[in-house]
Amino acid sequence: MSLDQLIQKCKKNDTEAQSNIYKLFSGKLFAICLKYSRNHVEAEDNLQDAFVTIFEKMWQYKHKGSFEGWLKRIVINTALQRYRSKGVFNIVNENSIEDASVEIEDNDAVEIDFLLLSIQELPDRYRLVFNLYALDGYSHKEIAKMLDITTGTTKSNLARARMILKNKIENYTANKNSQSL
């Protein structure tokens, strides 16, 4: 059965088609949930909530653009909504932070699991802005609109996230290098 046929059946609340859509996309969508969640359990909750929304709003998909892109947008918005409702996007002094970049030297091996864990450990407001900007390619203007904050706040939160990650990576590589001596 083609993807278009599955989508049409999902629009008619066909549970077998919904199960097939879930099987096709849950892996990729769970990876997105992990980026926006503090831990594995929260990511599972976000994925479940996202699929509930996906199947409730399937009728809104108009076959314009990629279906996978439409799904990803719902997953991201589901995760962000959880944090919006908790009020984690406090205003910070936008001028108090300078942009920090994270550079990893070629000889510094940083495992992907360490990087994912480091991102997950960021405070919510920093993690979400970092993921939206650095990993998903949204602009500061788009992020500000999505999170209902100013562009200055998104820039500040991104800079703070980068500083935290930079410090974690530097400590990790320093510890790794001292252990190998």
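The conditions are (1) β-branched (Val, Ile, Thr); (2) surrounded by fewer than 17 Cβ atoms within 10 Å (Cβ to Cβ); (3) farther than 23 Å from Asn13 by Cβ, and Val52 fails exactly one of them. Which is it?
Result: Val52 fails condition (3) only.
So which residues in segment 137-155 are touching a residue at least 40 places away in the same chain (Cβ under 8 Å) and within 15 Å of the chain's Cα centre (by Cα)? Quick ask: steps written out before the conclusion?
Here is the first cut: in segment 137-155, the ones touching a residue at least 40 places away in the same chain (Cβ under 8 Å) are 146-150, 152-153, 155.
Of everything in segment 137-155, those that are touching a residue at least 40 places away in the same chain (Cβ under 8 Å) and within 15 Å of the chain's Cα centre (by Cα) turn out to be Met146, Leu147.
Table: residues versus (1) of a type in the set (Ser, Thr, Tyr); (2) modelled with pLDDT under 95; (3) under 23 Å from Arg127 (Cα atoms); (4) surrounded by 13 or more Cβ atoms within 10 Å (Cβ to Cβ).
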| site | (1), (2), (3), (4) |
| --- | --- |
| Met1 | no, yes, no, no |
| Tyr22 | yes, no, no, yes |
| Trp59 | no, yes, no, no |
| Leu71 | no, no, yes, yes |
| Asn77 | no, yes, yes, yes |
| Asp99 | no, yes, yes, no |
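The values are calculated or read from the model by the stated rules, or taken from the named source; none is laboratory data. From a predicted model like this one, the values you see are computed outputs, not experimental measurements. Positions of Cβ are backbone-derived with ideal geometry, glycine not excepted, and every protein chain shown enters the neighbour counts.
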